[in-house]
Structures are given as structure tokens and as C-alpha cells.
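To start, the structure itself, in C-alpha cells.
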Amino acid sequence: MRHLRISPILWGVVLFAIALTPAASSSAGEDVDAFLQALYKRNYFDTALEYIDQLKTSPLVDEDTKKAIPLLHARTEQYQARAIPDARLADKEAAFRKAIASYLAFTKSQPNHPRAVQSLVDVGAIYRQMAKARTESEGASVAEARGFLKQSEASYAAAIKKLKGSLQALIANPPNPDQVDVSVVRTAINAQLVGAEFELAEVAFDTANTYKEGDAERKRQLGIAAERFEEFFDDHGDLVIGMQAIVRAGQCYRDMGNIAFALSCFESILDDPDLARLKVLRPLRLETIIEAMVLWTRQIKEAKKYSKALPIFERAFRISELRGKKEDLQQDPRALSVLYQRAKLAATMANRIKAIRLRDIQKRYRELIEYATETFKMIAETEGKHQTDAIAAFKKIAPIYKEVTGDDPGKPKDPGPGKLETFADILKESRKSYQRWTTTLGAIAEASGAEKAELEKKSVEQLETIDGLLRMALDKSDADTSLSDLSDVYSRMAIVYWYQKRYPEAAVVGEHLARRYPEAMSARTSADIALKSWNKMYETTKQAGGDIAFEQSQIVALGMYVSERWSDSNEAADALYRMIAFALEKNDLDAGLSYLARMPETAPHYPSSQLILGRRVWRKHQKLRYEYQKKNAAFQKQKANLDEAAIAEAEAELATMKAQLPELIAKVEPMLSQGLAASAPNPRLTYDALFLAELFTLTNRPEKAVKWLENNSFGPLKLLDENAAIITQQQGMPTSIYRTGLQSYAKLLAAIDADAFPAARTRFDDLMVKLKASANNPALVTSTYHLAGKIIEENIAKRAEAGDEAAAARLTEAFKHILVEISSDKDASHPMLFWVARSLRGLGAASQALADNASLDRASRDAHKKQAAKSYGDAAKAYESLAKKARGFRLSENQVIAINLALAECQLGMEEYGQAITTIQKVLDKKPNYISAQLTAAKALQLSGSYKEAILGKGEKKRGSSRRPIWGWRALASKVDGDANYQDAFFEASLSAITCMTKLGRAGDAKSLSAAKRTLRNFKIQQPTLGGPKWKPLFEAAEADLK
Amino acid sequence: MKTRISMTVVAILLLSNAVASADSVYFHGGDPPKASGKITDMSPTEVSLSGKAPFSADAIHYIRFEGEPKALTIGRKYALSGRYAKAMGALKKVKGASIENPSAKADHAFYEGYCYAHYAFGAAASKREQLLKSAERRLSAFVGSGGKNNYHLFEARELLGDVALAKAKLKKDAAEFGKARKHYSAVSKAAPWPAAKLRMDMKTAQAFQAEGKANEAASLFEQIAKSNLEGPEVDAYKGQATLGMANAMAEGGRAGEAIAMVNKVILATDPKQHDVLAQAYLVMGRCARVGGKSKEELIAYLHIDLLYHQDTEIHEEALGRLAKLWSAADQQKRASEAELKLRSINPQSKWLKR
């Protein structure tokens, strides 16, 4: 066997210039080749063929490209055929035949095209591929494969013949060097020739491999192949392909059993230190090492003595040493093969020296065992060709390792699924991995501590594996892939991404499945994952203070889709629930309500959605009500100054606002009522109960209001009684609840019967006390009392009008209690105190009227009288308080006068006449001509029994004045006589003067008696109507009394 | 011999030190590669170095200022090589107040706006609006203060136009469209370079087109296509203008004539000009659609998806159309792939809704 001597200068790498040159020109217009390559990459061969057809008429490509269209067509068909799985052998062969026909049609139609000969080479290659597919397919005919190889050989031979002919022609008739660069043409032809010759030798090698080992024909074919490769090497040993040929020749000799010849071929590459340095030759060198290692291992095994084996081992180990990082070596399948062979070599050598008890040899033995064990383990953990063998080898060597080192080498990590090629295989494997992961997930739920951490780590790794498999499956899917399988892949991807916390991916894939394949079983679940993922992103963005509009709109859009597509599903309900939250976040109440309308009433989130929205609608109502009241008050104040148009406009606006209020109530009531009724009792519902109670109070349904306020589980008043933190920790909340409670109870008092009244009244009083204790703002307390008082006041009148005196009386008691509470409040405002005083005075007058009612029995009348005195007394206190604070309240002089006048009247009611006169004199000091004050003053004198002064007045007349400071009835009557504004005052004064004279007459003053008679007589002449129905009976009574 | 080598090294070191301690002006295309010295004057149109004739601002690629912070040098380098996120990180480290040279300070301000703008153009739809606002704020500040006499002024205004246009497209906001045109017009009026004027016309026309003002756009496109100016940059604008015209013609039903125009542009365009080619195939696809040629339409959009997908907006349209076309051709898997890709690029793409 000859040894190689290759000149380093010739180690140029010759590219197959023409073969690698794009068939289509890319200089003009469209980049046809780049586009076709991209289409091939995606397996869009059908589209590529259509595109090629379009090129025929395309103005975007030049004529050369158009001429190459049949070739492009053939090439595309070839690639298309190659992509068909071997399992579909018939389809694959048919497609290959089509490509061959296209290539041949091209060479026939354009025999002089520069790529015509290359087409023959391509045809040869296709036949080789067909033979390979046949050989590798189970049950396929080997004879057919040989037939294909013969045709391949014929094609290559034809190409070689033509190429050689072209070369000869070029030498014989060189073209004009000015037009064509001969060297370029010759190089191109040579390159094609070299390729074809190499392939021809390969065909012989392939043919040999179609025969079984030991078959004579196999040996003969291997001999032919070896000879062709060696010849090729002789001719082209300075090229990389030439060196490949000598390795091939070595393989042929190896298969023929001629180890020495084979190793000689391999070593011609491996022994050259210059070649070892060339990076470009590294792949070839690695392949050669692998081939040689197998043979060296065999030689070591077969060596009779270890001393013979040792130099072979040393040499092999030295030559096969690889440099580089472990990770890089693991990624290069050739490097991994070399490592595997080295481990085998080491194990074999170790076995040979095991029995030799020399210290150095035993040390070496241990080193070899360690190396082999570690290397097998590493390969066993790496996906690849030797993985299975390495696992087996590791199992075998591990006990030896333990014996030698005393350590446990452990177990290789999960080797993974191995090589998977078809979509179905990958999907199957991914489902298995998925199943394993779900088991891990279940175990995590039950584990804790370190075990849990370990399982979580495992889960992460498993998810990565599944992710890889699913993506691989997608890559392998084609038009034949069923939609259910495809949607299964997408669905698992969404789940994996979700658990990997890759939310953007989970959202996109989940949404894609939901929208693209809504009929798929997992579409709904995927939509849910997408929604949750968008939600996660929303929360992250929100937490970071970023713009959440995008995430929100995604959730809403997908949520709408889900709710429309699967309207009755829990997923739809979940989506709508989330959308409601977003709508409220954006204050879009209408949108929120529309989402609620879409939600099935049976959905678990329905009650809580009702409550969330109910709260908002109620707040809207309260706000609108407040605005309405404010606007209305302002309008009423300004109305007089507005023109007609402005009034109409304002009234229309107010009417619109007012009309909305009951509409809102109609919306809220069912939402809160149903929401509360359907929710599991929980203190958190207390606010909803409060709102509902407010609503019922406002709409005069106090029983219902109180029912929710006093609910045992979440009633706000109940929780307040229990001092529940959910309320007490909210500043201002207790006060707010007591306010609502008081109003509710105020209305309830008016609505219930006598039996229920005492308990309600007790609760009402209790709430008044609690409100006062809870509130920081006394004014708020007073205003609440005021409100409650107003409610009761209104109902007293109603009950009284309805003739239910008993109810009116019960309410009056409560009313008085409120009034007294307010009047005792130092922070009460002056309008409130006015109201209190006025109300108490009114109550006093009412009691007095009853006390004066002759139809009642004595005891009742006395009791009423007592009540009247008490009410007047309370009223007087309120007026006195007002009078004292007049300056603080910045009251006007007229207001102070009115207070004193009212106070005087109360004092009269209390029968404190002297006090009343003193009070009224203060008024008259300021306003001597104040008719009402003069009336009260005269009345006070009359009631105190000073009849004469009552008639004639009291006090010293001032200079120039005809009247005393207190005019008395006579002067008063004279003063207002004829004044239409004081008609009542006139009749009262006239009548009272007669009454006083009568009283004096009764006391023995005859003059006064006759004066009374005379006065009455004259009065009747002057005022024949006697003041009409109001006064006439009184005059007639006075006349009867006189008689 | 050894002594001589050492002397040479020392001389080189001295020289390099001398260069580093001066302002350096680098030019587009590297011809001349750069000029160094003290900048004596700067305006939006010219930059003067001591003892040298002024350089036209449009010829300048960038300027490295004497004593500028290292982070500015790095940030600028990243920015000009399109690594905007990294550039923003580097520029953030620069404390603007610490730069004494007002031109360097303005440079820093400009590149911050520049990075935000470009980063926004390529950002996911979800974050684009926010980034555009940030870019606008920075660029407006630059234009309104430190950049008034800076050689970046026109570029900044042009970018402001681009930002406004991007915002306008996001929200279909007429005011933003108007703002974009205003910026382009300002540059067109003030910049003394014909190519820049043409570019501004081009952008204005594209803004009209995006706004749906087809007549205004077509008229401007025609004007650009007929321009007497010459040169590689100008030719590219003419090509784009021709595409704009073709698009208008296709929409007007004259698909045949339009395709002929598109073909001419493709034939005349440098294969490296992916943006023009993407636009060309988009118009070609539209023409094919108008002409009812679904196979041709599909091939045109595939060109964008496979070869010219840098422009997100164009890519989105191509993917959206492809999904429909594949569906119609009963290629559900391919339709699904196109749709998924579109969804990944922009989950809110209008092409998903069509």
C-alpha cells in the first residue's frame, strides 16, 4: 500500500463551483434562488412549483433564468420527493421518478445548456436516493434497489463521458480567450467531473452493501469500489474529496476483512501532522479516527500478548485525543463517536491488563476504568447515535469502577427520547413526557421541603423537554397532519408556557388555538389560559406602573370572543367577570353592566359580579341625587332672576336627572338583593348590605332596610355591635352605618304597630347614643338627628291626619327626644336650633290645644297641660340658647327680635307671665311698633290677670307719644283698624279687650262690665260680620258670657 | 532596528493621543473617513473645524467631541449600529449636567430621543405608544432648546415627524398626521439639500397615504417620481414614489398598469434595499388582489414573509393576507402558521380582525 505525500500548496478547497451556483440568476430583478430556498425550507414545494410556473411570463427574471425553469422545476420536484417520509415509499419513488423525468426532459430539450450535464449527475443522485430508501425500508425489494443503483451508475457514467468529451473539445477547439476565460470553463468542467467520478465509486460501495456479509458478490463489489476510490485518490489526492476517497477505500478494505490495508488507508490521513492542523479537514479526520479506532480496538483484542497490544493502544489513544470543551464535543456527533470509541478502546485495554499485578500496570488499569466509565456515562446522557450502546457499556463497567475505586459512579441522567423523526412519533413522545410531568406536578402538591424543591426542579426540566418536543412536532407537521393533533400540540404548548411562566407565549398560542380552531376540544381551556396569561401580564405591568391599556384591551377582546363563542361556559363567566373589573377600573359602568347581562346567572361569579356592579350603580345614584339636590337648590334660589328660556332649560335638565334616579334604583335593587341572597354569608358583604339598606330607606321600605342592617352574618349594625374589625378599622364607617340605621329606624317607627314599637324605639334611642359616641364631627350627629327628626315629624302629621292619634303620640315622644337632644347640643347650627325650638313650641301648642279641649276628661287635660308646659319649657331653652349665641351665629337684629318674641310666647305657655312680659319688653324697646310683639305683650298682661293694663297698656308714655310702651288691646285695635294686613290682630285685640272688661266686671267693676257690653254692641254695628267664621263664634261666645 | 520600531510605536501613540484630544467629525460612506480639530462653529447646515472649510451637515455621520463622557461615545456607537436598547442603557449613565461642552450635551440629548424613537418603531405594539411619547418628549426638548443650532436639528425634526406619523397610525389620529406633515414641511423649507427635500416630500406623501388622503398622496408621489434630481438616494425615493402611484392606481382598478410600474421598481432596486422591495411586493400583492389573481397575490406576500420582513407594518399586512389566502386554498396549517406568526408580532393587529 502506497503512502501519501501531498503537497501543502495544493490543499486548496475546491468548491463544486457550478453545482453550487444557483440555477437561477439573481443579478436582475427578483432573487429567485433565495425565494425558492426559503420555500424549500418551509416545505412549500407546491408553492415553489407554482412560482416557477409564474416565472415563465415574469418580467422580473432574465432569459437565462427562464431557460433554467425546467431545471428549477426538476430540482424542486427532487427536493419535494426527498421530503416525503420513507414510510410512504411508493409516493416517494413516484415523486423521484417525476423529478428524473423532468431532469431528462431538460437535458433533452436543452442539450447544450451549461447545466445539462449536471442534470445527469442529479439524476444519478436521485437513483442513489431511491436505492437508499429501498434498502432502508422494511420488506422492500433489494433487487429493485440494485436496479436503481445500476441506473445511477449509468447516469454518472454518461455524465462522465460527456464531461470528458467537453474537456477534450475544449482543448481541441479552445474558444476565443477574449470572449471566454478558458481556465474558468475548464475548472468548472473538472469540478463536475470530479464529483461524478466520486459518486460513481460510491454507487459501487452502495451496491456492495445491498448484499449480505460473506456474500461473494458483496466482496467483489467492494473490490470494485475500493479500486475506484484508490484510482480517484491517485488522480485527486490533493483535494479534500480525494482524501475522502482514500477513507472510503479504507472502509471497503475493512468490509472485505483486510484490516491492514484498511488501516493503511486511514493512517495515510491520520499520520500527517500538517493535515491535523487544518480546520477544514477536521470532519474528515474525525471520521477517519472513528474508522481506525474500531480496527485498533479489534487489533488490541486479538493481540496475543498485552505487550503487543500496548503500543497499538498508546498510538490510537494519542491520535484520537480531542481538544475542546466537553459541551462542544457533546454537540458534535463525530466527536462524540470518537469519544465513544476511545472509551471502548480504554475498556478493552483495561480488560487486557487487568490480570497483570504490576503496580504501574494496576495504576494504569484504574485510570483506564475511570476514563471509560466517565466517558460512557457522559455519552449515555447525551442524545445521539451511541447513546444506547453507551448505556449498556456503562451498566457493564459500573460495578468494575466501584470495585476499583470504591465509589459509586451513579446513574446516567434520563437519556431522553432518542431520535424522533415523524410528527406522529414526536407527538407520541411529547404526550408521554407530558404524562410524566403531570405525575411530577401531582407529587409536588403533596411534597414539602427539600423533596418539593427537587420535584420542582424536575418539573422545570420536564417542561423544557416537552416544549422542545412540541416545537419539533410543529416543525414536522404538514398538510396531512390532522387538526385534532395540531390543536393538541397547541393546547399542550399553551399549558407548558403557562407553567413555565412564559405568559406572552402562552397568551399568543392559547388565543391562536381558541380563535383558529374553536371546535377543538381544548380550545376553551386554551382560551382560558390565554386570558389568565394576559391577566398576569396586566398585573405585572400595573405593578411596574406601566401603561396597562394594551393588556386590558386584549383581555376584553378575547373575553368577548369567549363569552360569545362559549356563552354558557365557566370560562366565559370568568372572562366576563374579569372584564367587569376592567370596565369598572375605567369607570365604564355601562360596559360592566353589559358584561353582566351576558353572564349566565348560574355562573359562580354571577352573585359577586352583581354585588360589584350594584355597589357602583348605587354610588352613581347617590352622586346623581346629590347633584340633583344641589342644582335644584341653586335653581330655586336663582329662579326669580332667570328668563323663561333659562328656566325651561334648567327644569328640563333637572327633570332628566330626576328621572334617572328611579331607573338606577330599579337596576341596583335586584343586583344587590340577589347578589346578597346568593352569596355565602360573609362579613365582607356588610357594605353591600349597607347600600341595600340605604336604598330601602330612601324608597320608604324601612322593614327591608332594617332586615339587612341587622342581618346576623353581615348586617352592618350587627357587626358594629360585635365591634367587627372589618367596619371599625374603616375610618368614618361606623358613623355612616349609624346614620343609615337611624334613618331606617326613624321610618320604621312610623310604619310599625304598637306592639313592635317599644323594641324599635329602644334600638332607635340606642343608635342615637352610639352615633354620638362614634362620630368625630358633632355637626354630623346633629344633622343626622335633624334628618331623623324630620322623618318622624312628617309621619306624626300623617298619622294624626289619618286619625291614628296613638301612633302620632308614640312618634311624638320619639320626636321630642330627638329635639331635646339637638337643643342640648352646643354645636347645633342656628337653623337647626330654630327648627327644634319651633317644633317644641308647636308640640307645646298642640298639647295646650288638647289641654283646652273641653271634651276630654280632667285627668287627660291635666296631663296634656303638663306636656304643654314641658314642651314650651324645652322650646324656651332652645330659644334662650339661640339668643345667647346670637352674636356667634351672626344673627340679624330682626332674627333676635323674632327669637325673643317666640321665647315670650313659650314663657306664656309655661305660664311664666312676668318673665314673658320682661322678654317682650326687650323686643318693644327695639321695635315699639311691632304689632306681633304688642299682641303678645297684651296677651301676657291679660293672662297674668292685669286686665286693666291689658286693655289700656303699660308703662310710662314717652314725650310726644299717645301710647304707652305696651299699647294694650284698645290702642292696638285702634292702630290696626282698617289695615288689611292685620285683620286678625284687629279682631283679636277687640275681642280680648271685651274679654278683659268682662273679667273686670266679673270681679265687681260694674263700669267695666257695662263698657264691655257697650263696646261689643258698638263693635257689632261697626263690624256686622264679626270677623267671619274665624272670629264670629268667639265674639258670640263673649256676648253670651256677658249675658 | 529595535530602537527604530520603538520610536515608531511612540510616534503612533502620540498621534493617537493627539487625535483623541480633539473633536472628530466622521463622514457618511467614510470618504473622507474623518476630520479632526477644534469645532469653531456649528449650525443646522454646517460644521466648521478650525482652519478648515465648513462641512455640510448632511455629509456628517457623527461627531465625537473632545472630552465627551465614555458612555456617550459607547451609546452613540450602539445607536448608530441599531442596538437601541443597549444605546439607551449607555446614554442613561451619562449625567447631562456634567457635560460642559454644549454641543456634546446637545448630542447626548439628541441620541436619547433618537434611540427612543427607533426603539419604538420596532417595539411590540403593546409598548409602542408609550415609547413614542417618550421619544417625542425628548426630541421636542432637543429641538426647542439645546438643538437649535445643532447639526442634528433637521434630523431631529424629521424624527419628530416619524414619531407623529407612527402615533397617528396607531390611533388613526388626524391631529398627529397633521403634526407629522408639519415637521416634514419645516425640514423641507429649511434644509438646503435637494435630496432631503425630496425625502420630506416622500414622507409627507406616505403620511397622506396612511391617512387615506389618496389624491394628495398620489399628486406628491407623481411629483417625486418626475423629479430631475439624480443619485442613489434620490433613485430610491423615486422608486418608492412610483410604488405609491402604483398603489393608488391599483386601488383605482388599474391593476395591470400598476403591476408594470411595480416591476420596473423591482428591476431597478438594489437587492439590499429590503424596505423598498418589501413595499414593492406589498403593492404587487394588492395589484394581484384587485386583478383577482390569488396565486400571484400569495407569491407576492410570501416574498415579504420569507425575504423582506423587516418592516413590521408591511409584514403584518402580508401575514394577514397570507392567512386568508392559505385558508381559501384549503391550506389550513399554513394559514394557521401565518396567523400565529401575526399574532406573535402584534396580538392587536388589524389584520387579525379582518
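Here, region B:283-354 is characterised by an Rg to Rh ratio of 0.93, where Rg is the alpha-carbon radius of gyration and Rh the Kirkwood radius.
Partners of residue A:718 within straight-line reach, counting aspartates and glutamates whose Cα lies under 17 Å from its Cα and excluding those fewer than 8 residues away in the same chain: A:688, A:694, A:703, A:710, A:765, A:766. Computed from label points 7 Å out along Cα-Cβ, the spacing between residue A:183 and residue A:83 is 4.2 nm.
Between the helical axis of A:1006-1022 and the longest alpha-carbon principal axis of chain A there is an angle of about 60 degrees. With a simple spin-label model that places each label point 7 Å from the Cα along the Cα-to-Cβ direction, the separation between residue A:138 and residue A:64 comes to 5.0 nm.
With q set to 0.18, 0.19, 0.28 Å⁻¹, the log10 of I(q)/I(0) for region A:162-210, from the Debye formula over equal scatterers at the Cα positions, is -0.61, -0.65, -1.00. Of the trypsin sites (Lys or Arg not before Pro) found in region A:786-828, the ones in coil according to DSSP and having at most 15 other Cβ atoms within 10 Å of their Cβ are A:826. Of the residues A:665, A:349, A:819, the one whose Cα sits farthest towards the positive end of the charge dipole of chain A is A:819 (charges of +1 on Lys and Arg Cβ, -1 on Asp and Glu Cβ, taken about the Cα centre). Magnitude of the charge dipole for region A:459-557, about its Cα centre and with charges confined to Cβ atoms of Lys, Arg (+1) and Asp, Glu (-1), is about 300 debye. For region A:825-979, the calculated P(r) over all alpha carbon pairs, in 10 Å bins from 0 to the bin holding the longest distance, is 12, 35, 33, 18, 3, 0 percent.
Placing unit charges on the Cβ atoms only, positive for Lys and Arg and negative for Asp and Glu, gives region A:895-1043 a dipole magnitude near 600 debye about its Cα centre.
Relative to the longest principal Cα axis of chain A, at what angle does helix A:931-943 sit, 0 to 90 degrees, rounded to 10? Tilt of helix A:931-943: around 60 degrees. Using a 1.4 Å probe on the protein heavy atoms only, what accessible surface does residue A:1010 show? Give it in Å² to the nearest 10. Looks like 60 Å² after rounding. Residues A:608, A:320, sorted by accessible area with the largest first, give A:608, A:320 [1.4 Å probe; ligands and nucleic acids excluded]. The chymotrypsin sites (Phe, Trp or Tyr not before Pro) found in region A:318-411 include none that occupy coil by DSSP while having at most 12 further C-beta atoms within 10 Å.
Binning all Cα-Cα separations of region A:411-529 at 10 Å, short to long from zero, yields these whole-percent fractions: 14, 41, 34, 10, 1. Paramagnetic label reach from residue A:421 (point 7 Å along Cα→Cβ; backbone nitrogen cut-off under 14 Å): within region A:125-146, residues A:129-140.
Compute the Cα gyration tensor for region A:684-731, then decide on rounded, prolate or oblate, letting a ≥ b ≥ c be the square roots of its eigenvalues: rounded whenever a/c is under 1.5, prolate when a/b is larger than b/c in the other cases, and oblate in all that remain. The shape class here is prolate.
If each residue of separation counts as 0.36 nm, what is the full-extension length gain between residue A:479 and residue A:892 once their alpha-carbon separation is subtracted? Intermediate values should be presented prior to the final figure.
Values: separation 413, 0.36 × 413 = 148.68 nm, distance 9.52 nm.
That pair, residue A:479 and residue A:892, stretches by 139.2 nm at full extension.
What separates the Cα centres of region B:113-187 and region A:467-524 is a distance of 39 Å. Computed as a quarter of the hull surface, the mean projected area of the alpha carbon convex hull for region B:17-90 stands at 5.3 nm². The convex hull built on the alpha-carbon positions of region A:524-586 has an orientation-averaged projected area of 3.7 nm². Here, P(r) means the percent of Cα pairs in each 20 Å bin from 0 to the largest distance; for chain A it is 9, 22, 20, 13, 12, 11, 8, 5, 1.
Taking only C-alpha pairs under 8 Å that are 6+ residues apart, what is the relative contact order of region A:758-869 in percent?
Relative contact order here is 18 percent.
Across B:152, A:113, B:274, the residue with the most accessible area heads the list, and the full order at a 1.4 Å probe is B:274, A:113, B:152. Taking the centroid of alpha carbons for each part, region A:775-802 and region A:210-230 are 117 Å apart.
Calculate, for residue A:460 and residue B:81, the FRET efficiency according to 1/(1 + (r/R0)^6) with r their C-beta to C-beta distance and R0 45 Å; round to the nearest 0.05. Mind showing how you got there, number by number?
Working: r = 36 Å, r/R0 = 0.80.
After rounding, the FRET efficiency stands at 0.80.
Accessible area per residue was computed with a 1.4 Å probe on protein heavy atoms; residue A:265 scores about 0 Å².
The order of A:369, A:224, B:74 by accessible area, most exposed first and with a 1.4 Å probe, is B:74, A:224, A:369. When the charge dipole of chain A is built from unit charges on Cβ atoms (+1 for Lys and Arg, -1 for Asp and Glu) and taken about the Cα centre, the candidate among A:611, A:185, A:777 whose Cα reaches farthest toward its positive end is A:777.
Say R0 is 30 Å: what FRET efficiency, to the nearest 0.05, do residue A:439 and residue A:471 get from their beta-carbon distance?
Values: r = 22 Å, r/R0 = 0.75.
Using R0 = 30 Å, I get an efficiency of 0.85.
Distance check, please: which entries in A:385/A:428; A:411/A:452; A:413/A:501; B:52/B:93; A:542/B:92 exceed 28 angstrom between their Cα atoms? Before the final figure, lay out the partial values.
Values: A:385/A:428 21 Å; A:411/A:452 21 Å; A:413/A:501 25 Å; B:52/B:93 34 Å; A:542/B:92 24 Å.
Too far apart for the 28 Å limit: B:52/B:93.
Taking every C-alpha pair closer than 8 Å and separated by at least 6 residues, the mean separation divided by the residue count of chain B gives a relative contact order of 8 percent.
Hydrodynamic estimate: the Kirkwood radius of region A:486-631 over Cα pairs, inserted into Stokes-Einstein at 20 °C and 1.002 mPa s, corresponds to D of 134 µm²/s. Tell me the carbon and sulfur percent of the accessible area for chain A, rounded to whole percent, probe radius 1.4 Å. Accessible surface attributable to carbon and sulfur in chain A totals 51 percent.
From the gyration tensor of the Cα coordinates in region A:617-766, what semi-axes in whole Å does the equivalent ellipsoid have, largest first, with each one equal to sqrt(5λ)?
Values: eigenvalues 228, 66, 43 Å².
Value: 34, 18, 15 Å, ordered largest first.
Take residue A:757: with every protein chain present and a 1.4 Å probe, its accessible area is about 10 Å². Quote the relative contact order of chain A in percent (integer), defining contacts as alpha-carbon pairs under 8 Å separated by 6+ residues. Value for chain A: 3 percent.
Can you pick out the pairs among A:865/A:922; A:637/A:885; A:747/A:790; B:38/B:105 whose Cα atoms lie more than 19 Å from each other? Show your work: numbers first, answer last.
Details: A:865/A:922 28 Å; A:637/A:885 27 Å; A:747/A:790 10 Å; B:38/B:105 16 Å.
Beyond 19 Å: A:865/A:922; A:637/A:885.
How long are the three semi-axes of the equivalent ellipsoid for region B:11-138, computed from the Cα gyration tensor as the root of 5 times each eigenvalue, in whole Å, largest first? Don't skip to the end; give the middle numbers.
Numbers: eigenvalues 162, 49, 39 Å².
The three semi-axes for region B:11-138 are 28, 16, 14 Å.
Using the charge dipole of the protein assembly as shown (Lys, Arg: +1 at Cβ; Asp, Glu: -1 at Cβ; taken about the Cα centre), state which of A:749, A:59, B:212 has its Cα farthest towards the positive end. Projecting each Cα onto the dipole axis, the largest value belongs to A:749.
How big, in percent, is the set of alpha carbon pairs in region B:132-172 lying more than 11 Å apart? It would help to have the intermediate numbers written out before the result.
Details: 489 of 820 pairs.
The answer is 60 percent, as a whole percent.
Note on residue B:190 and residue A:1018: the model spin-label points, each 7 Å out from Cα along the C-beta direction, lie 10.5 nm apart.
Its convex hull of Cα atoms gives region A:68-217 a direction-averaged projected area, equal to a quarter of the hull surface, of 10.1 nm². Look at where the Cα atoms of region A:144-191 and of region A:318-370 average out, and the two centres are 48 Å apart.
Largest first and in whole Å, the equivalent-ellipsoid semi-axes of chain B read 42, 22, 21, each the square root of five times a Cα gyration tensor eigenvalue.
Across region A:895-935, the convex hull enclosing all Cα atoms gives 53 Å³ per residue. Both the radius of gyration and Dmax for region B:194-320 are 13.6, 41 Å, in that order, over alpha-carbon atoms. Using Cβ point charges alone (K and R +1, D and E -1), the dipole size of region A:139-195 about the Cα centre works out to roughly 220 debye. Principal-axis analysis of the Cα atoms of chain A puts helix A:644-678 at an angle of about 60° to the longest axis.
The values are calculated or read from the model by the stated rules, or taken from the named source; none is laboratory data. Nothing here was measured: the structure is a model prediction, and the numbers come from that model. Here the Cβ is made from the backbone with ideal geometry for all residues, glycine too, and neighbour counts use every protein chain on show. The protein model used for the area step is the full one, side chains on, heavy atoms only, and it has no ligands, DNA or RNA in it. Shrake-Rupley method; radii C 1.70, N 1.55, O 1.52, S 1.80 Å.
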